[in-house]
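Q: My structure is below; once you've seen it, I'll send some questions.
The values are calculated or read from the model by the stated rules, or taken from the named source; none is laboratory data. The shown structure was predicted, so the numbers you read here are calculated from the model rather than taken from an experiment. Glycine gets a Cβ as well: all are built from the backbone with ideal geometry, and neighbour counts include every protein chain shown. What goes into the accessible areas is simple: the full protein's heavy atoms, side chains included, and nothing from ligands, DNA or RNA. Shrake-Rupley method; radii C 1.70, N 1.55, O 1.52, S 1.80 Å.
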Amino acid sequence: MTAPRSHVLHRQLRHALPIAASARGVTLTDTQGRSYIDASGGAAVSCLGHGHPDVLAAMHAQIDRVAYAHTSFFTTEVAEELADELVANAPAGTSHAYFVSGGSEAIEAALKMARQYFVETGQPQREHFIARRQSYHGNTLGALAVGGNEWRRRQFAPLLIPVTHVSPCYEYRDRQAGETPEQYGQRLVAELSDAIERLGPHTVIAFVAETVVGATAGALTPVPGYLRGVRDLCTRHGILLILDEVMCGMGRTGTLHACEQEDVVPDLLVVAKGLGGGYQPIGAVLAQAAIVDAFERGSGLFQHGHTYIGHPVACAAALAVQRVIRRDGLLDAVKRQGQRLHERLTQAFGDHPQVGDIRGRGLFRGIELVADRGKKQPFDPALKLHARIKANAMARGLMVYPMGGTIDGQRGDHVLLAPPFIVGDAELDAIVERLAAAIGASLAELASQAPQAR
Ligand code: PLP
């Protein structure tokens with residue numbers, strides 16, 4: 001456990017953390033010798049697991065070659081190669097990659113790119129972003145402003161740029177009886193259309209959305225046709241579409257980019273986490289040629305930059321991660337093991353009275369917990385079921401990513417699973433067994449402490 005007088009300002013000040021001592025494959029071990037199966041890849045980061053020899057070798061080699069070169073003086077071979085690799089495998093029309101150090105920075109860069117695009121093309125009156133409730137785009141001020149995670153936003157609200165938020169695509173809770181998934185999707189597109197009309201179509205810069213919602217609501221997948229409808233609507237009004245695939249992208253759902261499964265090409269595609277698999281901090285914005293062409297014809301620059309953009313060691317790690325995924329056919333593994341995980345979750349929780357929904361795609365799965373399955377009634381938020389599940393899972397040697405506020409930032413609990421792409425059958429079985437035990441223990445605690453809570 002952390003030293004009692006740690007000088008690190010940890011995320012939580014009243015909560016002792018185990019100290020990670022080593023990590024290999026899907027397992028982390030602490031200094032007490034306890035092992036944990038990494039069923040969430042941290043926060044959907046460690047797509048290749050830990051200690052992958054090819055990635056470590058690529059990083060070592062890059063450190064020996066050039067560990068750092070400021071991007072206003074030099075480019076590096078490794079940054080160029082990574083951009084080539086990403087553009088070659090990106091949605092049609094993608095021409096450039098802009099490298100930053102994580103997801104929030106990538107979102108900030110995308111917001112500024114979108115705004116600058118309209119300044120360069122003679123539409124400076126475009127100044128609004130539209131995004132969705134129950135989304136997360138990062139913790140820096142611009143990213144927090146577009147995000148729709150009420151709990152994270154609340155105390156910083158006075159500092160945030162105004163953003164219009166529309167409904168998430170949350171089929172389990174919001175699709176009405178008698179409405180097909182397609183009709184529900186079209187209803188959401190109509191809601192977005194109304195928001196655009198209210199703001200004035202010529203004042204909107206972009207619509208920002210996670211292709212598959214991650215941390216805030218637990219692997220919410222879009223209904224068929226919804227994102228296609230959003231894309232068409234944006235195109236009709238000359239509004240840019242920014243898809244945030246920081247969590248759901250880079251193979252996590254079984255295709256390199258989650259939007260491939262929606263047959264949608266965004267103007268800006270934002271990736272991070274699985275791009276470098278946690279070996280180095282790296283994120284990227286993949287931009288369509290039309291946007292970069294406008295910069296080239298206009299001011300000749302993208303007015304942005306940080307000290308560590310395009311960091312060579314981060315690029316080397318990401319390039320190695322992406323090459324291993326391709327060489328080892330890991331997108332197929334994600335599809336296959338994702339299906340197995342779904343089946344195991346369905347066996348364990350399909351009839352569970354406190355599990356209302358099992359959802360997700362590939363190795364990106366969520367379960368939503370409910371006090372009353374018939375009424376879809378959530379647990380009392382004060383019970384902090386999600387935090388109990390996390391603690392009970394850790395006590396059983398399992399890392400999962402539970403969160404509260406699933407429904408509206410206040411109510412609802414879910415558990416997100418995002419194991420490494422190399423996860424084996426036996427490990428998947430152990431993950432589901434330990435998760436079932438952790439959920440069972442957490443519900444037993446609630447039953448013993450507050451039987452009336454349900
Ligand atoms: N966007 C999404 C969808 C995320 O899930 C996250 C982080 O969880 C971010 C952006 C922010 O990324 P980072 O934590 O690397 O800044």
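Q: Quote the relative contact order of the chain in percent (integer), defining contacts as alpha-carbon pairs under 8 Å separated by 6+ residues.
A: 21
Q: A follow-up question, please. At a probe radius of 1.4 Å, what is the per-residue accessible area of residue 59, in Å² to the nearest 10?
A: Result for residue 59: roughly 30 Å² accessible.
Q: Can I ask one more? Hey, if we sort 413, 425 by accessible area with the 1.4 Å probe, largest down, what's the order?
A: 425, 413
Q: Which number gives the lysine pairs in the chain that have C-alpha atoms under 24 Å apart and are eight or more places apart or on different chains?
A: 6
Q: Another one. What's the longest bit of the chain with no exposed chymotrypsin sites (Phe, Trp or Tyr not before Pro), using DSSP loop states and at most 14 other Cβ atoms within 10 Å as the test?
A: 75-454
Q: Along the Cα-to-Cβ line of residue 80, 7 Å from the Cα, sits a label point; which residues in the range 315-329 have backbone N less than 18 Å from it?
A: What the label zone holds, given the 18 Å backbone N cut-off, is 315-317, 319-320.
Q: Let me ask you something else. With labels modelled as points extended 7 Å from the Cα through the Cβ direction, what inter-label distance (nm, one decimal) is found for residue 293 paired with residue 56?
A: Each label point lies 7 Å from its Cα, and together they span 4.7 nm.
Q: Moving on. Roughly what would the spin-label model give for residue 343 and residue 182, points 7 Å off Cα along C-beta, in nm?
A: About 3.0 nm, to one decimal.
Q: Would you mind working out the accessible area per residue for the chain, using a 1.4 Å probe, and quoting it in Å²? It would help to have the intermediate numbers written out before the result.
A: Numbers: 19470 Å² over 454 residues.
I get 43 Å² per residue for the chain.
Q: Something else now. What is the dipole size for the range 53-327, taken about its Cα centre, with +1 at each Lys and Arg Cβ and -1 at each Asp and Glu Cβ, in debye to the nearest 20? Kindly include the intermediate steps, with their values, before the conclusion.
A: On the way: 22 positive and 29 negative charges, 121 e Å.
It comes to approximately 580 debye.
Q: For the range 325-342 and the range 375-454, what is the separation of their C-alpha centers, rounded to whole Å?
A: 25
Q: As a test question: what accessible area, to the nearest 10 Å², does residue 380 have when a 1.4 Å probe is rolled over all protein chains in place?
A: 70
Q: Follow-up question, since we're still on this one. Where the accessible area of the chain is counted over protein heavy atoms with a 1.4 Å probe, how much of it, in %, is carbon and sulfur?
A: 53
Q: Any idea how far the Cα center of the range 173-235 sits from the one of the range 246-306, in Å?
A: 20
Q: Then there is this: Can you pull the semi-axes for the chain, root of five times each eigenvalue of the Cα gyration tensor, sorted largest first, whole Å?
A: Largest first, the chain gives 34, 29, 20 Å.
Q: Further, regarding this structure: What residue among 259, 89, 395 has its Cα farthest toward the positive end of the dipole of the chain, where the charges are +1 on Lys, Arg and -1 on Asp, Glu, each on the Cβ?
A: About the Cα centre, the residue reaching furthest to the positive side is 395.
Q: Between residue 22 and residue 387, what's the calculated FRET efficiency when r is the beta-carbon distance and R0 is 35 Å? Round to 0.05.
A: My answer for the efficiency is 0.85.
Q: Let me ask you something else. May I ask you to rank 375, 384 by accessible area, largest first, using a 1.4 Å probe over the protein chains only? Could the numbers behind the result be given before it?
A: Details: 375 150, 384 110 Å².
Descending accessible area places them as 375, 384.
Q: Here's a follow-up. For 394, 399, give me the order by solvent-accessible area with a 1.4 Å probe, most accessible first, ignoring ligands, DNA and RNA.
A: Final ranking, largest accessible area leading: 394, 399.
Q: Let me ask you something else. Classify the range 38-167 as rounded, prolate or oblate, taking a ≥ b ≥ c as the square roots of the eigenvalues of its Cα gyration tensor: rounded when a/c is under 1.5, otherwise prolate if a/b is larger than b/c and oblate if not.
A: Numbers: a/c = 2.23, a/b = 1.43, b/c = 1.56.
In terms of gyration-tensor shape, oblate.
Q: Right, next: I need the helices of the chain that pass two filters: whole DSSP H segments spanning 30 Å or more by Cα along the axis, and mean Kyte-Doolittle score no lower than -1.0.
A: 425-449
Q: Can you give the calculated 222 nm mean residue ellipticity of the chain, where each DSSP H run of n ≥ 4 adds -39,500 (n - 2.57) and the sum is split over every residue, rounded to the nearest 500 deg cm²/dmol?
A: -12000 deg cm²/dmol
Q: I would also like to ask the following. Going by the alpha-carbon gyration tensor, a ≥ b ≥ c the square roots of its eigenvalues, is the range 264-412 rounded (a/c under 1.5) or, if a/c is not under 1.5, prolate (a/b greater than b/c) versus oblate?
A: Cα axes put the range 264-412 in the prolate bin.
Q: Next question, about the same structure. Express as a percent, rounded to the nearest 5, the fraction of DSSP beta bridges in the chain (both residues included) that run antiparallel. List each step's numbers first, then the result.
A: Details: 35 of 51 bridges.
Of those bridges, close to 70 percent are antiparallel.
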